[in-house]
Amino acid sequence: MNSEPVTTRDNILVEDLVLIDGQPGCGKTLFTAIVAAMERVELLNYSPELENICALRYLDKMSDDAAKTMLRIQMDLVLYETMMSRRTNFRPSDLSSAFKDTNCWTYIKRLFLKGDEVIPERIKKERPILHFATHNLLPFSAPIFASFGNKVKIIEIVRHPLYMIIQQTLNQERWIKPEGIVRQFHLHMKFKEHQVPYHTRGWEELYINSNPVERAIYEIDNIFELTETFKKNNEYGISNQILTIPFEKFVINPLPYMQDIEHVVDTKITQKTQKIMKKQNVPREKISDGIPLSIYKRCGWQPPEKGLSEKDELQLRRQYALKHGAGNDAMKVLDRICEEYESKYL
């Protein structure tokens, strides 16, 4: 009989997996630094493979069993190699660098410990929490929950659209250029003579005909909508594995959310966590009063202007959208999603 084979990986190494997810400009990097300083949580990782497998499944380009198997292999491989620092990033300037982690010496010492055969037992003993930053993943994350069940937790970071608009516009401007698109390792689709991001399925024409700031507005709206639909459809299944944190409320009063993270992820705040929070200027008096990292500046961050209220800061960002060519239709969408965000989270 020529029955189609079903792929599988029944036994896995991963016991705990936490994903810090959100849109570009939502403040994920602040959270990854803080969460990585909590008990048992490993150094930050990025995984385009994880995101692209979910994208392929969303487009029906991969079967359920293939997606599940590949996710399990990929996450096990990351954990296996992380536990002997084979995959660890030691590039000093990167946000994911071991030199920026509070447990830096742990990753240096692992370079000289025994590896390979002893790693599975070390994982059982140390119970590490594998830790990733992901981009726009939650709406497409069904294969992850299918693969890891209650082992996976997603911390969804949400932020006011006007605080994300500058970075996302800059991203769209970079991606138009050939040297920019080749540095994007996320799935694209063919549409006529163009290639477009996979999550624009259903509104490809609008994406192509929009300028960078309009693309940013429509993408923010689309991801918000897809995310809410996903959470609503899974309200009684995986809701206890998804923790949604509004950036604005967290940076002003982080303690309730830190306690939520402790509970959901099964970890603990340590002195190292408190040290990193202070370094990230959390808590702070003003939402926009971040730290002047070079990566933040490249993404459009500017220090808050003296004397401006929070409402004034938002108006500055709305003017940015107008100045960069957002048309009437796009501005209506921007105003709508801002109103919806404020009503729901602020």
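Since every read-out is calculated from the coordinates, none of them should be taken as a lab result. Computed from a predicted model, the values in this text were never measured in an experiment. Counting neighbours? That spans all protein chains shown, and the Cβs are built from the backbone with ideal geometry, glycine included.
Pairs from the list 68/177; 125/275; 68/268; 68/192; 68/124 with a Cα-Cα gap above 24 Å: 68/177; 125/275; 68/268; 68/192. Net charge in the neighbourhood of residue 146 (other residues with Cβ under 11 Å of its Cβ; Lys, Arg +1, Asp, Glu -1) is +1.
Here the label points at residue 39 and residue 331, each 7 Å from Cα along the C-beta direction, are separated by 5.3 nm in the simple model. About its Cα centre, the dipole of the range 51-193 is roughly 280 debye, where the only charges are +1 on Lys and Arg Cβ and -1 on Asp and Glu Cβ. For the pair residue 188 and residue 306, the difference between a 0.36 nm per residue extended length and the Cα-Cα distance amounts to 38.3 nm.
Taking amide H atoms as placed 1.01 Å from N in the peptide plane, the amide H of residue 244 lies under 5 Å from those of 156, each 5 or more residues away in sequence or on another chain.
When each of the peptides 5-14, 211-220, 278-287 is scored by the mean number of other C-beta atoms lying within 10 Å of its residues, the order from highest to lowest reads 211-220, 278-287, 5-14. Taking label points 7 Å from Cα along the Cα-to-Cβ direction, residue 63 and residue 49 give a separation of 2.1 nm. Computed over neighbours whose Cβ is under 10 Å from that of residue 213, the net charge equals 0, Lys and Arg +1, Asp and Glu -1. Treating r as the C-beta distance of residue 90 and residue 176 and R0 as 30 Å, the FRET efficiency rounds to 0.35. In summary, the lysines within cross-link reach of residue 232, defined as a Cα separation below 20 angstrom excluding same-chain residues under 8 places away, comprise 153, 344.
Sorting 188, 160 from the fewest to the most surrounding beta carbons within 10 angstrom yields 188, 160.
Relative intensity of the chain on a log10 scale, I(q)/I(0) at q = 0.08, 0.11 Å⁻¹, equals -0.40, -0.77, per a Debye sum over C-alpha point scatterers of equal strength in the absence of solvent. Size estimate for the range 93-225 follows the Kirkwood approach: the inverse of mean 1/r over distinct Cα pairs works out to 18.4 Å.
Computed from backbone phi with θ = phi - 60° and the Karplus coefficients 6.51, -1.76 and 1.60, the 3J(HN,Hα) list for the range 40-57 is 6, 7, 7, 4, 4, 10, 10, 8, x, 4, 4, 5, 6, 5, 5, 5, 4, 5 Hz; x is used for glycine and proline.
Put a dot 7 Å past the Cα of residue 206, heading toward its Cβ, do the same for residue 81, and the two dots end up 3.9 nm apart. Could you work out the helix-only [θ] at 222 nm for the chain, with each DSSP H run of four or more residues adding -39,500 (n - 2.57) and the total divided by the number of residues, to the nearest 500 deg cm²/dmol? My calculation for the chain gives -15000 deg cm²/dmol from helical runs alone.
Of 38, 331, the sequence from fewest to most neighbouring Cβ atoms within 10 angstrom is 331, 38. Each residue in 105, 203 was given a count of other beta-carbon atoms within 10 angstrom of its own, and listing them fewest first yields 105, 203.
Here the Karplus curve 6.51 cos²θ - 1.76 cosθ + 1.60, taken at θ = phi - 60°, turns the phi angles of the range 311-325 into couplings of 5, 5, 4, 5, 5, 4, 6, 5, 5, 4, 4, 5, 4, 8, x Hz, with x standing for Gly and Pro. Amide H to amide H, with H built 1.01 Å from N, residue 134 comes under 5 Å of 20, 21, 22, counting only residues 5 or more places away or on other chains. Using R0 = 22 Å, the C-beta based FRET efficiency linking residue 108 and residue 272 works out to 0.85.
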